[in-house]
Amino acid sequence: MTLSVENLTISNGTTPLISSVTFTVNQGEVLTLMGPSGCGKSSLLSAVAGHLSPTFALQGQISLNNSSMNELEPDQRRIGILFQDDLLFPHLNIWENLAFGLPRQIKGSNRKKHAILTLAQIGLEEIAYHMPTEISGGQRARISLMRTLLAKPEAVLLDEPFSKLDKELRTAFRQFVFEQIKAQNIPALMVTHDDDDIPDGGNVLRWPWNKETRHD
């Protein structure tokens, strides 16, 4: 599985926000985008996800597994997104939050079984019946990631997912995220302002995004 962007240009009227960006993210890989505020990092993620505002014009090609996504609606793209905030549903307990991410073909009591099994796999089965307000920030972050992955996305976008965590928690969760992406063997595109977030050996595109370098 690969996520590819070829000659991508995003403009607001006559003003180009992003000009001719090209890259490919391979399966199990995390490609990091870095640049100053306002350089178009979030707009690029929105374009890939299919959420780009209609006030912007897009040119170029966005492909997943060699299939064009330009004309697909967001829910047809099979792309998961992990944000800064965990976005768990406050009225659902933890296993119910996880079950929400499962594909529709998993029905009835099997949804709960899958959710509970996922919690056991990450060592959090004891919080299955807790509400989001009753667990720690690190636990909420892990649940949010697993809910995203349970939907079986073919690629993941990471929109500064570690920025609101304290240093110790940030380090642990960062490692957890990269391990899960590698285990799922899917491409991931990450936006961050922190060099510490870049996975060891990972590729980085730094503004103006015309050269890809490896981080060691």
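Read-outs: derived from the displayed coordinates by stated rules, not from any lab. These numbers come from a predicted model, not from an experiment. No Cβ is skipped: glycine too gets one built from the backbone with ideal geometry, and neighbour counts run over all protein chains shown.
Here is how the numbers come out for the structure above:
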| read-out | value |
| --- | --- |
| Conditions (1) under 19 Å from the mean Cα position of the chain (by Cα); (2) free of Cβ contacts under 8 Å to residues at least 60 places away in the same chain; (3) under 19 Å from P153 (Cα atoms); number of the one not met by L45 | (2) |
| Residues being free of Cβ contacts under 8 Å to residues at least 40 places away in the same chain and surrounded by fewer than 19 Cβ atoms within 10 Å (Cβ to Cβ) - total across segment 140-171 | 6 |
| Test result for L33, of a type in the set (A, V, I, L, M, F, W, C) and free of Cβ contacts under 8 Å to residues at least 60 places away in the same chain | no |
| Qualifying positions in segment 51-108 - in contact with a strand residue (DSSP E or B) (Cβ under 7 Å, 6 or more places away or on another chain), touching a residue at least 40 places away in the same chain (Cβ under 8 Å) and farther than 22 Å from P161 by Cβ | T55, F56, A57, L58, Q59, G60, Q61, S63 |
| Test for Q105: is it touching an Asp or Glu at 6+ places or on another chain (Cβ under 9 Å), surrounded by fewer than 19 Cβ atoms within 10 Å (Cβ to Cβ) and in a loop (DSSP other than H, G, I, E, B) | no |
| Residue, nearest to V48 (Cα to Cα), within segment 123-168, restricted to residues that are assigned to a loop (DSSP other than H, G, I, E, B) and among the basic types (K, R) | K152 |
| Residue within segment 189-196 that is of a type in the set (S, T, N, Q) and either buried (at least 18 other Cβ atoms within 10 Å of the Cβ) or part of a helix (DSSP H, G or I) (or both) present | yes |
| All positions within segment 115-127 that are surrounded by fewer than 17 Cβ atoms within 10 Å (Cβ to Cβ) and in contact (Cβ under 8 Å) with a residue 24 or more places away in the chain | I122 |
